[in-house]
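Have a look at the structure below before the remarks.
The values are calculated or read from the model by the stated rules, or taken from the named source; none is laboratory data. Worth saying up front: this structure is predicted, and the values here are computed from it rather than measured. All Cβ positions, even for glycine, are placed from backbone atoms using ideal geometry, and neighbour counts span all protein chains on display.
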Amino acid sequence: MEQNPISAEVQPSAKSNAMAKPQLWLLGGAILIGIMMELWLEKDYYALYSAFWFVTLIVFVAFNFKRVVANKTVLALIVPTLVLIGVLMFDYMNFELLPFTMLLIPALLITIGVFTTQEITYKREGKAVLGVLLAMFTKTFTAINFYFRAIGQVLNRKNSSSARHGWIGFFIGLPLLVIVVALLASADAGMAKLVSRIFEDYENWDLVLIIFQWIGRIIVVVSSSMLFYSLFYNLTWGKPDGDLMPVRQNWKLAGPGVVILMLLAAYALFTYVQFTYLFGGTLPVELTYSKYARDGFSQFVAVTLINFTILGVSLVKSEPGRAIKTMQSLLIAASLIVLASASWRMLLYIDAYGLTIRRILPLWFMTYFIFLAAVGAVRVFREKVPFLRIGAFAFAYWYAIFICIDWNTVMHTFNQTYGFGG
């Protein structure tokens, strides 16, 4: 396997065991990330959460700049990431979307790290999934020793054992000194009076609490910077992940064909029912349109996900041929019918009760599924179309575009116009 050129430039020599300058500079970037983490945890502001991840992205790009600018996939991922960070930072986020956005930002960032530092070729996208898992659960911890080695090398710049030990003693002694002084001030009135001249605005126990708060902050900065240093060190200079074996298209027609045919039979019956109830103007007895819409929407979304999962697996594993392509095309058509029914039901629900973000979001993703169906239809007849990669990247853009719209104004205007709400 070809060695990472950036890794080769900065690997410490076996003789000196000294770390290269970029690896030492990364220590400063990791500490900056740790400080941002502590600020966010202390204040719990969404703007600080966004700033924390923005600084994290900047630090990573700074140490992988050449690889980032040369990788179109990574640049395509950075765009929606910056959009999500910006929207959250400037407080344009709908409250109900916060959990999705706060999860999607770090997910995109770790994906950027993997695609920047690993070679992810067509039909090897499984390597990206494995890379994300390794980054989260392995690489975050396996280079912690280099974090402390970098600290030791920075403290020992002049190769002076006395200087190194002096710094170690200072960092250990400083918090102990403050704690002891605070405890003595609590125990002795004279000591308390002396200390109060220095800290005029604090009572004794207030001072103790402040000291422990600062110790906690230092722990947060050190621990978080340590983990990010380990992750970035492994991504930037670590050994590349091994390539996965290419997926072989060795499934005979009988396997996926039987599964798809059984589903198509169910969808044929479903289509008949839909034309009777929805397009024929009649509903089951004792059902209103709003109840009919509300009761079935989530099940239709689940069915759609099952369909696309089966489609994706069959595209990857089935032997190419006219018969399987016909079945895959019919499965896509059935999926579109399910999507049409689900969308129609949600529109009925909106017509009865008005717009809310929980009704707009499913409709928005219905349009994403329709787009995915179109891509899948192209992929059936053009094998080189990266269905999985396009679908994943389009999802990030779809959501980024969604949160850029001022839905509060849209919902208020719609509901006022059609008489929903006061």
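Values as computed for the structure displayed
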read-out	value
Qualifying residue in the range 367-382 (condition: among the aromatic types (F, W, Y), more than 28 Å from the chain's Cα centre (by Cα), closer than 25 Å to I120 by Cβ and not assigned by TED's automatic domain parsing to the domain that holds L77)	yes
Condition met for L24 (without any contact (Cβ under 8 Å) to a residue 24 or more places away in the chain and either in a helix (DSSP H, G or I) or in the same structural domain as T116 (by TED's automatic domain parsing) (or both))	no
From the options F60, F52, residue that is in a helix (DSSP H, G or I), free of Cβ contacts under 8 Å to residues at least 60 places away in the same chain and buried (at least 20 other Cβ atoms within 10 Å of the Cβ)	F52
Selection status of S50, farther than 18 Å from S223 by Cα and modelled with pLDDT of 90 or more	yes
Yes/no for L184 being buried (at least 16 other Cβ atoms within 10 Å of the Cβ), farther than 30 Å from L109 by Cβ and at pLDDT 70 or above	no
Subset tally (residues that are of a type outside the set (A, V, I, L, M, F, W, C), closer than 22 Å to I85 by Cα and modelled with pLDDT under 90) for the range 392-422	3
Selection count, the range 66-86, where residues are crowded, with 20+ Cβ neighbours inside 10 Å and farther than 24 Å from G238 by Cβ	3
The range 321-334 residues that are over 17 Å from V303 (Cα atoms), paired with ones that are of a type outside the set (A, V, I, L, M, F, W, C) and outside any helix (DSSP H, G or I) (beta carbon under 6 Å, 6 or more apart)	I324/S318
Options L130, L97, L104, L108; residue that is of a type outside the set (D, E), over 24 Å from L227 (Cα atoms) and assigned to a helix (DSSP H, G or I)	L97
Failed item in (1) surrounded by 16 or more Cβ atoms within 10 Å (Cβ to Cβ); (2) assigned to a loop (DSSP other than H, G, I, E, B), with E383 passing the rest	(1)
Of all residues making up the range 314-360, the number that are surrounded by fewer than 16 Cβ atoms within 10 Å (Cβ to Cβ), among the small types (G, A, S) and within 15 Å of L263 (Cβ to Cβ)	2
Residue check, S13 at pLDDT below 90 and either part of a helix (DSSP H, G or I) or farther than 30 Å from N408 by Cβ (or both)	yes
Which listed residue is among the charged types (D, E, K, R) and closer than 25 Å to F95 by Cα, from R382, R358	R358
Residue within the range 113-127 that is of a type in the set (K, R), closer than 25 Å to C404 by Cα and either assigned by TED's automatic domain parsing to the domain that holds D44 or at pLDDT 95 or above (or both) present	no
Scan of the range 368-384 for residues that are free of Cβ contacts under 8 Å to residues at least 24 places away in the same chain and either small (G, A, S) or out of contact with any Gly (no Cβ under 9 Å at 6 or more places or on another chain) (or both), ordered by number	A374, V378, R382
Failed item, numbered, when L355 is tested on (1) closer than 20 Å to K123 by Cβ; (2) touching a residue at least 40 places away in the same chain (Cβ under 8 Å)	(1)
Tally, over the range 230-276, of residues that are of a type in the set (K, R) and either farther than 15 Å from G131 by Cβ or in contact with a Cys (Cβ under 8 Å, 6 or more places away or on another chain) (or both)	2
